[in-house]
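Notes for the one structure printed next.
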Amino acid sequence: KSTRNYTSLLACAFRKMLGQFAQQGRRATAWAPNPNAPIIPLQSRRGRAATSTPQALSTPGTGPHAPATTGSTATFRSIRSRVVAETVTMNAVNVEQHLLTLSRFLTPGDEEQLELLPAALTATDAIRETVATAVNTKMPGVKNLQTNVVNSGALAPLTALARRGYPEAFEALQILSYRNTHVCQQLVEKGVVDLISNTLNDSSVDLQCAMCFLLTAFAAFADSSHAPMMRAGLVPKLVLLCRTQVGGNAVEMGSRAATLQTRAAAVLRNLAHNQRNHAVLIQAGAVEPLVDIMRSSADPASRINAAVAVACLVGHEEGNPRLQLDEDLVGEMLEVLDAACQGGMKYGIFWTVWKLCQGLASLSVNDKNKEMITAKGGVEILAEVVMGRHHNQETAHRFALSALWNLAFNERSKTVIIETPGLVDSIRNILATSESPKTREVAKGALWTLGLEQDVKSLQEGGGRLVASDGGEVETHTQHVMLSYEWGCQQSVMLIKSELQKAGYMTWMDIDKMSGSTLEAMAKAVEDSAAVLVCVSKRYKESQACRTEAEYAFQQRKKIVPVLMEADYKPTGWLGALMGTRLYFNMSDVRQIPSKMGSLIKELGDAGRINAQHKDTAVRGPSMIVATASDRADSWNVYEVEEWLKRIRCAEYVGTFREHNMDGVALSGLHRMGTDMRFLHETLRSEFGIGVMGHRLRMIEELNKLFG
């Protein structure tokens, strides 16, 4: 079709827009397309003529680069973000005429008509402003508008202007790429990624900002662009820009000011949402400059972008100090998530719900962050996500549920989740209706950890049957050795399983024993086990599923045997508390596993051995199973003390007892303080936060039962 046909279609589209503006009470004037009408120049938003000399860009060998001006004190022109572009008066923009101007600037033979350069730049500004207005006001048909502009042939002249070094050309390409994967792909195919990579470091700050703005669109709206960006070597250059101090040379972005750091960090954040990019980002040193921005930037949007990127890259590392957030940042993140749920902008940006939830899911692994997220109303806002409808809803639900699952390991957060109206029912509804197996498993994990009787019973009743290695069903009274592990050490764990089977043990490992879903099968496997081998590693501690398995094994009072899968690793936090003073069996070197099995088999004894004669197995109940909790309370570890608090209906004080590192010895000391009852009451009230008299009396009575 001819350019005139496409521009006629555009004219119809803009007539419709004008009507919508009029309905909204905006000033609009109906107009008819006139191909002979003169170009109506726009006042440059930078306050200077649009025909000023740009910094020329060229591929290597085709022209010189202007010197970099990163440290210049010059006043840089405005770079409008996609969400804060000024609204232009619609009757001031004859879009059809501007598109025709661009088509005349670049002939079918790709020859540039330089005498039309000023008019082409004016047309570029006009098209960018018009499409930005449609995007910012959320007018219907934005994608059709973008597509019609692209189909008119505008990409070629805009790309030519970008190669000449005009920032407004990059901005126009960015707004055409906004949430439009097809346009992003076309631009990547035209070599725009390589153009930026070849010239980014040698460009002026305002041009670098415009380039990063376009790269953000590619990274955010077209996953297919990630591989070309990686191949072009952009990541190290973006990391370098994040480290660059632009000083007072801020780039205006509507309602907020941002430096070049902000633009570069936004690109890295969108790349970080894709796990396939993590190795390259981490190797390029992206984490440290992002942490610096997260902690020191004065711009909330920059801090949030950096925090989400860091969470995606290292958020699974529970003890990583770089993941420690301050209360202000947590509050800012939750504010933007709340705004995103309502479809509004915050700090001048339209945020994406699922991407923010992905960051929160990673950050909520950290126990201190759990407390802050809950205290700042995070549960209520995550409930908005779970109950609402959003772009990429399945993914948004999965990450929100993952965050809630993490929070549920904290007693205070668990209480808030349960008490939030409609939240638990919404999780149950997602479990019942979601078509995604991953989302259903996360929903099950959250419900299981919340521990409500009806959910636990329902999941237990739906548990999968156990299948023996030879394919036959395991009899319900047969107990096995369960191997609880994280997938990263699967091959080593499979060797341990093989050695146990040779020694006559019945084993269960989720790679080949499962019938039904993961959580139900796990619960059934724990309940039917004689012993649980906890394969300890850093990634085991960071896994929601592994924590759920280990804690359930402890609650079921199973014999827990720690097997160290990572040399020199010392578990801390919940895993360290659960392991306590138990003896570890070091299986970190796969070559030495067969020679070290003797000591492990000695520890297991007859637990789970097929040929062992347990005449009373069929008649004894679960209470007869070997317990991990010591007979003497003064030898309990911190985790066993926490379980005792739950049994005596004092679960709300688990957090304060953990903060005071209350193990069995400390608990015994607390009991001895009872010789001065007034002092004991004051200690429980002031140090442990037990303000209710009835709770203090109950705890003192239970301490007397333990220690006499």
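Tell me yes or no: at least one residue of segment 428-435 is over 19 Å from the mean Cα position of the chain (by Cα), farther than 28 Å from THR656 by Cβ and not in a helix (DSSP H, G or I). For segment 428-435, residues over 19 Å from the mean Cα position of the chain (by Cα), farther than 28 Å from THR656 by Cβ and not in a helix (DSSP H, G or I): present. Scanning segment 334-355 for residues that are of a type in the set (A, V, I, L, M) and more than 19 Å from ILE417 (Cα to Cα) gives VAL336, ALA339, ALA340, MET345, ILE349, VAL353. Of all the listed residues (SER197, SER224, SER152), the sole one being surrounded by fewer than 24 Cβ atoms within 10 Å (Cβ to Cβ), in contact with a Leu (Cβ under 6 Å, 6 or more places away or on another chain) and hydroxyl-bearing (Ser, Thr, Tyr) is SER197. Of the residues LYS524, LYS497, LYS570, the single one that is open to solvent by 50 Å² or more (accessible area, probe 1.4 Å) and either in a helix (DSSP H, G or I) or touching a residue at least 40 places away in the same chain (Cβ under 8 Å) (or both) is LYS524.
Among the criteria (1) at pLDDT 90 or above; (2) within 28 Å of the chain's Cα centre (by Cα), the one ARG179 does not fulfil is (1). Restricting the first member to segment 153-179 and to residues that are closer than 12 Å to GLU112 by Cβ, and the second to residues that are of a type in the set (Asp, Glu), the beta-carbon pairs closer than 8 Å and six or more apart or on different chains are ALA156/ASP110; ALA160/ASP110; ALA160/GLU112; LEU161/GLU168. The set of residues from segment 138-152 being out of contact with any Phe, Trp or Tyr (no Cβ under 7 Å at 6 or more places or on another chain), part of a helix (DSSP H, G or I) and farther than 24 Å from LEU207 by Cα comprises VAL142, LYS143, ASN144, LEU145, THR147.
In the set (1) within 28 Å of PRO437 (Cα to Cα); (2) basic (Lys, Arg); (3) at pLDDT below 90, LYS355 fails one condition alone, (3). Restricting the first residue to segment 375-392 and requiring it to be under 13 Å from ILE430 (Cβ atoms), which pairs with a second residue that is of a type in the set (Ser, Thr, Tyr) meet a Cβ separation below 7 Å and a spacing of at least six or different chains? Hits for this filter: ALA383/THR420; VAL386/SER426; MET387/SER426.
Out of curiosity, is THR415 over 29 Å from TYR639 (Cα atoms) and part of a helix (DSSP H, G or I)? Judged against the criteria, THR415 is not a match. Exactly one residue out of ALA156, ALA134, ALA126, ALA162 is in contact with a Phe, Trp or Tyr (Cβ under 8 Å, 6 or more places away or on another chain) and of a type in the set (Gly, Ala, Ser): that is ALA162. Does any residue of segment 542-549 turn out to be more than 17 Å from GLU499 (Cα to Cα), assigned to a helix (DSSP H, G or I), among the aliphatic types (A, V, I, L, M) and open to solvent by less than 10 Å² (accessible area, probe 1.4 Å)? The answer is no; no qualifying residue exists.
Whether any residue in segment 553-564 is in contact with a strand residue (DSSP E or B) (Cβ under 6 Å, 6 or more places away or on another chain), farther than 30 Å from SER458 by Cα, assigned to a helix (DSSP H, G or I) and touching a residue at least 60 places away in the same chain (Cβ under 8 Å) is what I want to check. No. Filter segment 379-396 down to the residues that are over 15 Å from the mean Cα position of the chain (by Cα) and in a helix (DSSP H, G or I) and list them by number. Once the filter is applied, which keeps residues that are over 15 Å from the mean Cα position of the chain (by Cα) and in a helix (DSSP H, G or I), segment 379-396 yields VAL379, GLU380, ILE381, ALA383, GLU384, VAL386, MET387.
So that you can scan it fast, the table gives a plain yes or no per residue for (1) open to solvent by less than 10 Å² (accessible area, probe 1.4 Å); (2) modelled with pLDDT under 90; (3) small (Gly, Ala, Ser):
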site	(1), (2), (3)
GLY504	no, yes, yes
TRP508	yes, yes, no
ILE511	no, yes, no
THR518	no, yes, no
LEU533	yes, no, no
LYS538	no, yes, no
ARG557	no, yes, no
GLU566	no, yes, no
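Any idea which residue in segment 74-105 is modelled with the highest pLDDT, counting only those that are open to solvent by 50 Å² or more (accessible area, probe 1.4 Å) and outside any loop (DSSP other than H, G, I, E, B)? So the residue we want is ARG104.
Residue-by-condition table, conditions (1) in a helix (DSSP H, G or I); (2) open to solvent by 60 Å² or more (accessible area, probe 1.4 Å); (3) touching a residue at least 12 places away in the same chain (Cβ under 8 Å):
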{"position": "GLU371", "(1), (2), (3)": "yes, yes, yes"}
{"position": "ARG398", "(1), (2), (3)": "yes, no, yes"}
{"position": "PHE409", "(1), (2), (3)": "no, no, yes"}
{"position": "LEU447", "(1), (2), (3)": "yes, no, yes"}
{"position": "GLN454", "(1), (2), (3)": "yes, yes, no"}
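Among the residues of segment 96-140, the ones that are touching a residue at least 40 places away in the same chain (Cβ under 8 Å) and over 40 Å from the mean Cα position of the chain (by Cα) come to 17 in all. For PRO108, the conditions (1) surrounded by fewer than 17 Cβ atoms within 10 Å (Cβ to Cβ); (2) under 24 Å from ASP206 (Cβ atoms) are fulfilled apart from (2). In this entry, LEU187 passes the filter for residues that are of a type in the set (A, V, I, L, M) and modelled with pLDDT of 90 or more. Of all the residues in segment 418-427, those that are assigned to a loop (DSSP other than H, G, I, E, B) and open to solvent by 60 Å² or more (accessible area, probe 1.4 Å) number 1. Of the residues in segment 403-416, at least one is more than 15 Å from the chain's Cα centre (by Cα), of a type in the set (Asp, Glu), farther than 27 Å from GLN275 by Cβ and at pLDDT below 90.
The values are calculated or read from the model by the stated rules, or taken from the named source; none is laboratory data. Here the structure is a predicted model, which is why all the values come from computation and not from measurement. Cβ coordinates were reconstructed from backbone atoms using ideal geometry, including for glycine residues, and neighbour counts include every protein chain displayed. Accessible surface areas use protein heavy atoms only, side chains included; no ligands, DNA or RNA. Shrake-Rupley method; radii C 1.70, N 1.55, O 1.52, S 1.80 Å.
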